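Below is one structure, written out as structure tokens; comments come after it.
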């Protein structure tokens with residue numbers, strides 16, 4: 001059913017095209033016939049008047065037919081001589097269009113370049129037209145059609161699929177390496193340290209250390225380890241005299257288990273106290289962390305070590321493979337969203353377009369700047385390629401042979417020229433009547 005409908009539509013379109021062509025050819029054909037008939041009427045009238053009585057009326061009528069025949073023949077000769085040799089006879093100064101073909105083409109191109117389509121007029125029109133609003137209006141109009149939205153989404157998906165991710169990953173890797181090599185990273189490290197302190201990264205780092213320390217203290221093996229270490233160190237101490245006797249007695253009284261339990265409790269209490277935001281020890285630790293952070297980022301030797309380490313990591317093949325995997329994941333996610341959007345008919349295209357247009361309206365200075373840049377680019381493009389217009393016209397005209405060129409010109413201006421023949425015959429007839437009457 002759909003195929004039959006398409007065939008009917010195509011047949012209807014062909015029929016309309018033929019009717020339009022026939023309608024365009026009809027004025028030309030009718031005018032040529034009228035001009036030919038007028039010439040035949042004048043010729044027949046003149047021949048017929050030769051056999052009429054020599055009365056004043058018929059003499060006037062004969063003079064009119066004679067002048068009309070002369071006028072019609074003269075105008076026929078003049079019109080025909082423009083396109084070809086009359087009756088195929090190479091009479092001098094006939095077939096003027098073909099003899100002056102190159103001159104006519106160059107004159108036409110020159111007039112078009114200097115007067116009709118000169119650079120100044122094109123540039124003036126480009127500067128007068130608001131290109132961005134015009135383009136936005138066309139885009140909004142197209143966005144109202146489901147087919148246009150789907151086509152836009154599918155086009156975006158095709159572009160995403162065509163991106164060579166391996167080359168993109170290599171370009172990103174080379175760009176990062178080049179940037180890291182040339183850039184002064186010390187100010188960046190200082191800004192990172194300031195941002196870290198401003199965002200509380202130092203406190204988060206300390207809290208993470210305290211949590212890890214607390215988890216370590218609560219392990220069963222930690223108490224035994226602390227007790228053994230403390231008991232061994234106490235035995236290694238050498239204290240003389242009565243103090244030494246008392247110290248050794250105390251060390252013998254404190255077993256590793258008791259020492260481990262005591263130290264575990266002390267560490268647990270200290271870690272718990274430092275979790276409070278106003279704890280003095282916590283504040284001192286934070287000051288030390290911040291001081292060492294700024295000292296480290298201002299150390300040029302450390303900065304160069306970081307640069308060398310970063311360059312080494314970037315130049316590894318594993319880095320490129322990691323970048324390629326991330327890009328593939330990103331493309332897969334983006335394609336899934338675009339395919340889903342295409343199935344939904346591109347519903348998000350209109351809100352996205354509306355959002356972009358609203359943002360552009362809120363930035364009149366930016367849009368005006370873009371407008372000027374676009375107009376300047378188009379003007380530059382016209383200046384560089386204006387000569388191509390003449391070359392295109394010249395090439396198309398040179399492709400036509402003499403017969404095709406004559407047929408084209410006759411089709412365009414032949415109708416008006418046939419009126420010259422018709423008017424010549426009629427005017428000649430009227431002038432002949434007047435002159436014959438005057439002679440009588």
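Throughout, read-outs are computed from the coordinates displayed, never taken from laboratory work. Values in this document were obtained by computation on a predicted structure and should not be read as measured data.
Under the classification rounded if a/c is under 1.5, otherwise prolate if a/b is larger than b/c and oblate if not, where does the range 329-372 fall, given a ≥ b ≥ c as square roots of the Cα gyration tensor eigenvalues?
The shape class here is prolate.
Output the direction-averaged projected area (hull surface divided by four) of the convex hull of the alpha-carbon atoms of the range 141-197, in nm².
That works out to 7.7 nm², a quarter of the Cα hull's surface.
Using the alpha-carbon centroid of each, what span in Å lies between the range 209-225 and the range 158-192?
Centre-to-centre distance over Cα atoms comes out at 43 Å.
Once you have a ≥ b ≥ c as the square roots of the Cα gyration tensor eigenvalues for the range 281-325, tell me rounded if a/c is under 1.5, and otherwise prolate or oblate according to whether a/b is larger than b/c.
It is oblate, given that a/c is not under 1.5 and a/b is not larger than b/c.
Go from 0 up to the bin containing the longest alpha carbon distance in the range 352-395, width 10 Å each, and give me the % of pairs per bin.
With a bin width of 10 Å, the distribution comes to 25, 28, 22, 18, 7.
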